[in-house]
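Just below is one structure, and these are the notes that go with it.
We did not get these values from a lab; they are worked out from the coordinates using the rules stated. Since the model is a prediction, treat every value here as computed from it, not as a measurement. So basically every Cβ, Gly included, is an ideal-geometry build from the backbone, and we count neighbours across all protein chains shown.
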Amino acid sequence: MMLNKNIYFKELKHHRTSFIGWCLSIMVLILLDMALYPILMKDDFLKQLSVIFENPFLKGLMTAFGATLDGFVNVLGFYTARNSMFILLLGSFFSILLAGKILSQEEHEKTAEFLLTKPVTRIEIVWSKLAAYFSLLLTLNIVILITGFISIEIFKGDSEYRLAAFLIHTFYCFLLMLTVGAVGLFLSLWIKRGRPTTNISIGIVIGGYFIDAASKVTPKLDIIGYLSPFKYVDSSVLSPEYGLAWWRILYFLGFSLLFFTLTFIFYKKKDILI
Amino acid sequence: MEQRELTSLIETQNLTKSYGKDRGIVDLNLEIESGEIFGFIGPNGAGKSTTIRTLLGLIFPTSGSGSIFGLDIVKKTKDIKKQIGYMPAEVNYYHKMDVRELLDYSADFYDTDCRSRIEELAEIFTLDLDRKILDLSRGNQKKVSILQSLIHQPKLLILDEPTTGLDPLMRAKFFNILQEENSRGTTIFLSSHTLSEVQKLCRRVGIIKEGRIIAVEDIETLRKKQLRIVQIEFPHAVKNDEIDCPGVIDPLANLNNLSFMFSGEMDSLLKALAEKEIKDLIIEEPTLEEIFMHYYEDKSEKERD
């Protein structure tokens, strides 16, 4: 058994309060934002915004955030365009921050000396912490799924949408969060002791997000967009062909697996200097 | 030789650890026997903590090897730690927890039931189990560390500067507990930078300096080294070389007074003194600290040559 229950439950308990905070924030943001949908649909309010969408500069900007006028009219299009920002950004922040500190915090706060002198292998430590991280990330995504679904159902009005598209998009978001988490966990091994991983983690997420946004605005930058994991989240939820693409899943799972594996390999050999 | 291997609990062979700017340890050969209290003495930065962290698998040896309970310190570290209680030099615990939570968390790593022992020790050390770790003074954090190292009744205690931050009363209680544990068969590896503090407890001491073991001695042998401190008062001013006798070490003249350490034949010293006019004479046994310091400087001088 690779999992040390003692460590696993201690981690869940340790992050309980902040986790509830993250969940509540995301839930409130989703609900508030979806409550805007019926207001914007009323009296063709959105049509009046078409001026914005026709302005070449603003059009580019809106595209960067994944918004098109047609997309906005549909409830799922609205949800994806508006909420992707919260869900993807906040979810990625949550994931990378948690993964970045779940292991490195022991060194940062010098408790590694306590933990590593207990009868537990380093592999077990990483497994148990990874399991706790994964449980919390999965729970957060279930919360997002339920909140998203309920808010769409409440506010959709006459708009029709494909449930499958909603589920697939949510799944992509989850995979993205997992991937940035894996990167965060791996990087936290290399941060010098005494320095928190927060800055670099936030930098990675914001950097990735804007590389992707920039690539959407300028077709020339399209290739560069593939450097960012955000690019691999397919947001064209209104397209009739929208579905699971194996190469996207392979990308996310491949990178996650790679960085998690590297974490095991390096942590096993790492000198823990307090 | 076979017999000896069976009884040695900690054994290192040319254990070396070098990293970054820190000196680490060089070719460390240690043998600690089952059931003994071993003092590991050296100034700060000599490599005491590096040795302990290598033994406990926090850091990995650059070369050489080591074993505890006959198990390899790199490959079998989990099995080793089942039987070890460790007190770090600096106590750092999870701030959010209270003392009981921390001790329960610690206890859950072991198969033994530690509950009654926690209560028992908390009473001896007058430690409030419901306080938050963050609110504890350094001395109280040290007590948590003591409990944490003892509650699972380990066969080997590794204590790194365990008494810093403890008041004399707690120190005495702590030493009593250590003696009790030892009489039950627990081996104790005690690191300290002051010999006088551990000399009552330890049977043997290892002296480490600049990453190397410079001596491993029985406390008794060290005591019996026949080293004496001699202080003489003359009726007139004297120079350092006033007394010419083999065995005089580091003579130091100050006006009419001369003091030195003496390791030679007492008879020849007295005969040498009989030729002089003397006002007063004091010959006393040095503290272990002084023997140790002498030993220490002597060795390092040889090293430099």
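Normalised by residue number, the volume inside the convex hull of the Cα atoms of chain A is 133 Å³ per residue.
Straight-line reach from A:Lys216: taking Cα to Cα under 22 Å and skipping same-chain neighbours fewer than 8 places apart, the lysines in range are A:Lys59, A:Lys231. What the phi angles of the stretch A:10-15 give under the Karplus curve with 6.51, -1.76 and 1.60, with θ = phi - 60°, is a coupling list of 5, 5, 4, 5, 4, 9 Hz, glycine and proline written as x.
Assuming charge only on the beta carbon of Lys and Arg (+1) and of Asp and Glu (-1), the dipole of the protein assembly as shown about its Cα centre is about 2080 debye to the nearest 20.
For the stretch A:176-274, compute Rh as the Kirkwood radius over C-alpha pairs and then the Stokes-Einstein diffusion coefficient at 25 °C and 0.890 mPa s; write the answer in µm²/s, rounded to an integer. The estimated diffusion coefficient comes to 161 µm²/s. Can you give the log10 of the normalised intensity I(q)/I(0) at q = 0.13, 0.20 Å⁻¹, computed with Debye over equal Cα scatterers of the stretch B:161-305? Each listed q corresponds, in turn, to -0.74, -1.18. Each peptide among A:116-122, B:66-72 gets the average number of other Cβ atoms lying within 10 Å of its residues, and from highest to lowest they stand as A:116-122, B:66-72.
With a Förster radius of 45 Å applied to the beta-carbon distance between A:Leu138 and B:Met293, the computed FRET efficiency rounds to 0.15.
Legend: Rg and Dmax of the stretch B:2-102, from Cα coordinates, 15.0, 50 Å.
Summed over all non-identical Cα pairs, the Kirkwood treatment of the stretch B:228-285 gives a radius of 11.2 Å. For peptide B:55-63, the mean count of partner chain Cβ atoms within 10 Å of a residue's Cβ comes to 3.
Working note: Debye formula, equal point scatterers on the alpha-carbon atoms of chain B, no solvent; log10 I(q)/I(0) at q = 0.08, 0.14, 0.15 Å⁻¹ is -0.46, -1.05, -1.15. At q = 0.06, 0.08, 0.09, 0.11 Å⁻¹, what is the base-10 log of I(q)/I(0) for the protein assembly as shown according to the Debye formula with one equal point scatterer per Cα and no solvent? Please give it to two decimals. Summing over Cα pairs of the protein assembly as shown leads to -0.48, -0.71, -0.82, -1.02.
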